[in-house]
Structure formats: structure tokens, C-alpha cells
Amino acid sequence: MQSRMAPSPIREAYERAERLKTEYGASEVFDFSIGNPTAPCPQGVAQALSATLESSGPAIHGYMQDCGYLEVRQAVADSLNRRFGSSFGPEHIVMTAGAACALNVLMRAVIDPGDELVVFAPYYAAYRTFADNWGIKLVTVPYDERTMFPNLDAFEAALTPATRMVLVNTPHNPTGLVYPDDVAEGIVDVLKRRKQETGQDILLVSDEPYRELAFDGTKAPWWPALYENTVVVYSWSKSASIAGERIGYAALPPTMEGVDELCHCIRRGIGELGFVNASATAQRMAMACVDQTVDVSYYDVNRKALYEGLLDCGFSPIKGNGAFYLLLPAPDGDEERFLENLAAHRIVAVGGSAFECPGYVRLSYCISNTAIKASLPRFAEVARLYFG
């Protein structure tokens with residue numbers, strides 16, 4: 001039977017790295033493929049696990065409300081309100097099995113087959129897969145070649161009567177950039193103008209797994225303060241280094257029109273799509289880490305070492321100020337050749353075409369600092385193929 005599922009370029013690169021490690025040894029392969037966090041978990045993770053062990057029994061491992069434990073949702077709401085001056089209640093928070101769960105449930109709840117979801121290139125490759133799950137037309141807005149930020153004129157032109165949702169992601173995968181205020185405000189101005197001119201109230205969804213991973217004093221936009229019709233999707237995968245635990249949430253501002261109905265649809269979707277509820281143990285981890293994060297300097301050290309090392313080799317990397325990704329242009333524009341030259345020197349990256357930015361490769365620098373430094377002589381060898 002032929003599969004309908006297209007392979008994930010990120011997973012394919014990751015599996016390639018695993019094969020190379022088997023052949024040459026782990027220390028001889030530099031895997032920049034997947035965003036698998038390596039910073040030590042905050043203390044709350046161990047505390048939550050210890051508490052679970054001490055009181056282990058069926059009661060704390062059983063089903064709960066489909067939206068998650070009340071005390072966890074209350075803790076999330078309180079944390080958001082403290083940090084952003086918002087007014088969430090627990091009824092506006094739905095705990096999910098990671099951000100991917102929340103995005104799929106939202107798409108199913110809001111967009112009919114054949115209607116449109118707008119995303120900004122470059123974008124996380126799975127967005128297209130998620131849209132395909134529900135027969136949604138994915139509309140891609142090109143980026144400004146000078147800045148890698150969205151082309152706002154193209155964004156306005158991309159909106160149609162069939163547009164139901166706009167998806168934003170910052171700090172950004174794959175560029176590692178944080179949208180500055182003028183870009184965020186520009187996106188929102190287009191949506192507000194659209195509503196004023198046509199009455200079309202388009203849902204904005206902010207995918208925020210990297211919210212806390214920002215450097216150089218940068219802060220990510222808080223979209224609900226800019227645009228009322230916003231759903232925030234969050235994951236602790238990166239901020240607490242618990243990607244495999246699959247825990248996140250959807251937060252719906254209480255002033256949003258139809259908020260109760262949309263919350264109900266999300267809750268129903270969690271059950272109908274087979275997620276049932278977010279993991280009980282992972283919810284306790286999330287509650288313990290609600291105001292904690294990994295030490296962001298762990299990734300900042302890697303960012304600077306990799307960026308400066310690549311510059312020294314003669315490459316022209318894009319210096320991000322968030323997440324843990326770096327985009328590197330292929331010196332001759334040939335992405336596939338560049339990937340093969342890197343792999344021949346046991347450096348594994350992901351091609352930019354997977355993110356709608358051909359001619360680049362993405363490097364995920366959430367590996368050890370020792371590995372970053374050890375990789376630089378290999379990058380220098382690749383650079384000599386291009387620059388002599």
C-alpha cells in the first residue's frame with residue numbers, strides 16, 4: 001500500500017545524522033538538523049516528577065476534564081496575567097498535547113475544507129502538513145529578501161474572502177529572528193483594515209514555542225495586546241526542555257468575540273481527534289515551570305560561537321536574535337550541493353526549501369557548545385570548496 005504521507009525533511013535529516021553516527025561514531029558527526037533542546041530542564045520538572053512519585057496512584061494518572069486540570073489552567077492564566085497585564089481565567093486556557101495538537105485542533109475548528117490559511121515564508125514545514133490534514137488551502141506570503149521579514153504589501157494582497165486564519169511564529173523557525181514591533185504592528189494593521197473595509201474578522205494564531213528564547217534584550221510581541229481576535233498557542237518543549245513530554249496550551253482572550261464557543265470547539269476537538277487530554281504528569285511539569293525557563297544563555301553562547309565561527313570561515317550567516325536556529329545561504333545558491341558538501345564533512349543540516357526559503361540551509365544550534373566548537377574546522381573545510 002502506498003503511503004499518502006510525504007516524508008518530513010527535518011526528520012529525514014535527523015535520521016541521516018543517526019546513520020552517520022552509527023557509521024563514524026557520535027563524536028564525529030555534527031547534527032544541526034532537529035530542534036531537540038539540550039539546555040538543562042528548570043528545577044520544576046524534577047520537582048513535579050518527585051511529587052508524582054511520592055503520591056503515585058490511579059487518582060493522579062487518570063482522566064481529567066478534556067481541557068486539563070483546573071489548577072494547571074489557573075496557574076497558566078495567572079502567569080499570563082502577571083506578565084502581560086491580561087485577564088485570562090482558567091476557562092480561557094485549554095491544555096494540549098504540545099503546540100502541534102493545539103494548531104491541528106484550531107484548524108479543524110475554524111477552517112472549512114477549501115478555505116484558506118495564510119502563513120509567512122519562511123515557515124515551519126509542518127504547517128503545510130497540518131493544513132493538508134483538513135483540506136485547507138495554504139497561502140504563502142513571501143518574505144522581504146533584505147530582512148527575511150514578511151512582505152506586508154504581499155500579505156494584504158494575499159487576503160481573500162476565503163481567508164479564515166493567519167498564522168504567525170516569532171521567535172521564528174527557521175530564521176531565528178524576532179519580529180520587531182513595526183512588523184507585528186504592520187501585520188495587525190492589515191487585519192484591522194480588512195475588518196473595517198469588509199467586515200471580515202480573521203483569526204490570528206500565534207505559535208509561540210520559542211517565546212522565552214530571545215537574545216540581545218529582544219522581546220517577542222504579545223499579539224493579544226495588538227489584535228483582539230488572537231489565539232496564543234504555546235509549548236513547554238523548548239522553554240523547559242521537555243519536547244518529548246508533549247505539553248502546551250491554547251489561550252483565548254476573554255474579550256475575543258465568540259470565545260466560549262471556540263473554547264468548546266477546541267475541547268471537543270481534543271477528544272474527537274484522539275488526543276483525549278494532555279498528559280497528566282506533563283501538566284504537573286508545566287504547572288511547576290509556569291514561571292521558570294531554561295537558562296537562555298546556554299543557547300546564546302552557542303549562537304555567538306556558531307555565527308562568529310561561520311563568519312570567520314567566509315560564510316554569510318543570518319544572525320538571529322531568538323529561538324535556536326541560524327539560516328546560512330549556500331555560497332553559490334545551490335542548496336542541494338551545499339547540503340551534500342556539508343554531509344561529506346559529517347555536518348547535517350536541513351535545506352531551506354523545506355521552509356519555503358530555497359538557497360539556504362537551517363542550522364539548529366541546540367547542541368552542546370563543545371560540539372559547536374568542534375564543528376567549526378569542518379565548516380572551514382567546506383568553505384575552502386567555495387572560497388579557496
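Computed quantities for the displayed model
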{"item": "Residue match in region 345-356 (condition: surrounded by fewer than 18 Cβ atoms within 10 Å (Cβ to Cβ) and of a type in the set (A, V, I, L, M, F, W, C))", "result": "no"}
{"item": "Any pair with Cβ under 6 angstrom, 6 or more apart, that starts in region 339-354 at a residue that is within 17 Å of Tyr24 (Cα to Cα) and ends at one that is of a type in the set (Ser, Thr, Tyr) and open to solvent by less than 30 Å² (accessible area, probe 1.4 Å)", "result": "Val348/Ser33"}
{"item": "Tally, over region 101-119, of residues that are without any contact (Cβ under 8 Å) to a residue 60 or more places away in the chain and within 14 Å of the chain's Cα centre (by Cα)", "result": "1"}
{"item": "Output for region 279-305, where each listed residue is basic (Lys, Arg) and open to solvent by 30 Å² or more (accessible area, probe 1.4 Å)", "result": "Arg284, Lys304"}
{"item": "Positions within region 254-276 being of a type outside the set (D, E, K, R) and either buried (at least 21 other Cβ atoms within 10 Å of the Cβ) or part of a helix (DSSP H, G or I) (or both), in sequence order", "result": "Val259, Leu262, Cys263, His264, Cys265, Ile266, Gly269, Ile270, Gly271"}
{"item": "Among residues of region 355-386, those that are hydroxyl-bearing (Ser, Thr, Tyr), under 21 Å from Lys238 (Cα atoms) and in contact (Cβ under 8 Å) with a residue 40 or more places away in the chain, counted", "result": "3"}
{"item": "Close pairs from region 54-75: first touching a residue at least 12 places away in the same chain (Cβ under 8 Å) and closer than 17 Å to Phe88 by Cβ, partner aliphatic (A, V, I, L, M) and part of a loop (DSSP other than H, G, I, E, B), Cβ under 8 Å, at least 6 apart", "result": "Gly68/Ala278; Ala75/Val290"}
{"item": "Residue check, Ala380 of a type in the set (Gly, Ala, Ser), in a helix (DSSP H, G or I) and within 26 Å of Tyr123 (Cα to Cα)", "result": "no"}
{"item": "Those residues of region 47-79 which are touching a helix residue (DSSP H, G or I) at 6+ places or on another chain (Cβ under 9 Å) and hydrophobic (A, V, I, L, M, F, W, C), in sequence order", "result": "Ala48, Leu49, Ala51, Ile60, Met64, Cys67, Leu70, Val72, Ala75, Val76, Ala77"}
{"item": "Set Ala250, Ala240, Ala225: member being on the phi < 0 side of the Ramachandran plot, part of a loop (DSSP other than H, G, I, E, B) and either surrounded by fewer than 22 Cβ atoms within 10 Å (Cβ to Cβ) or modelled with pLDDT of 95 or more (or both)", "result": "Ala240"}
{"item": "Candidate set from region 33-51 (those that are more than 17 Å from Gln292 (Cβ to Cβ) and in contact with a Lys or Arg (Cβ under 8 Å, 6 or more places away or on another chain)); member that is surrounded by the fewest Cβ atoms within 10 Å (Cβ to Cβ)", "result": "Ile34"}
{"item": "Residues of region 325-353 classified as under 19 Å from Gly176 (Cα atoms), assigned to a helix (DSSP H, G or I) and either among the polar types (S, T, N, Q) or at pLDDT below 95 (or both), total", "result": "1"}
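Residues are listed down the side, and each one gets a yes or a no for (1) over 21 Å from the mean Cα position of the chain (by Cα); (2) within 19 Å of Glu245 (Cα to Cα):
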| site | (1), (2) |
| --- | --- |
| Glu28 | yes, no |
| Gly35 | no, yes |
| Leu49 | yes, yes |
| Ser56 | yes, yes |
| Tyr63 | yes, yes |
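Residue by residue, here is whether (1) touching a Cys at 6+ places or on another chain (Cβ under 6 Å); (2) more than 21 Å from Tyr210 (Cα to Cα); (3) not hydrophobic (A, V, I, L, M, F, W, C) holds:
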{"residue": "Met64", "(1), (2), (3)": "no, yes, no"}
{"residue": "Val76", "(1), (2), (3)": "no, no, no"}
{"residue": "Arg82", "(1), (2), (3)": "no, no, yes"}
{"residue": "Ile93", "(1), (2), (3)": "no, no, no"}
{"residue": "Ala100", "(1), (2), (3)": "no, no, no"}
{"residue": "Leu103", "(1), (2), (3)": "no, no, no"}
{"residue": "Val110", "(1), (2), (3)": "no, yes, no"}
{"residue": "Asp115", "(1), (2), (3)": "no, yes, yes"}
{"residue": "Val118", "(1), (2), (3)": "no, no, no"}
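Here is a yes/no grid of residues against (1) modelled with pLDDT of 95 or more; (2) under 22 Å from Val290 (Cα atoms); (3) in contact with a strand residue (DSSP E or B) (Cβ under 7 Å, 6 or more places away or on another chain); (4) surrounded by fewer than 13 Cβ atoms within 10 Å (Cβ to Cβ):
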{"residue": "Arg19", "(1), (2), (3), (4)": "no, no, no, yes"}
{"residue": "Phe30", "(1), (2), (3), (4)": "no, no, yes, no"}
{"residue": "Ile60", "(1), (2), (3), (4)": "no, yes, no, no"}
{"residue": "Gly68", "(1), (2), (3), (4)": "yes, yes, yes, no"}
{"residue": "Asn81", "(1), (2), (3), (4)": "yes, yes, no, no"}
{"residue": "Ser86", "(1), (2), (3), (4)": "yes, yes, no, no"}
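The values are calculated or read from the model by the stated rules, or taken from the named source; none is laboratory data. Everything numeric in this text was worked out from a predicted model, so none of it was measured. For neighbour counting, all protein chains shown are included, and Cβ atoms are generated from backbone atoms with ideal geometry for every residue, glycine included. The protein model used for the area step is the full one, side chains on, heavy atoms only, and it has no ligands, DNA or RNA in it. Shrake-Rupley method; radii C 1.70, N 1.55, O 1.52, S 1.80 Å.
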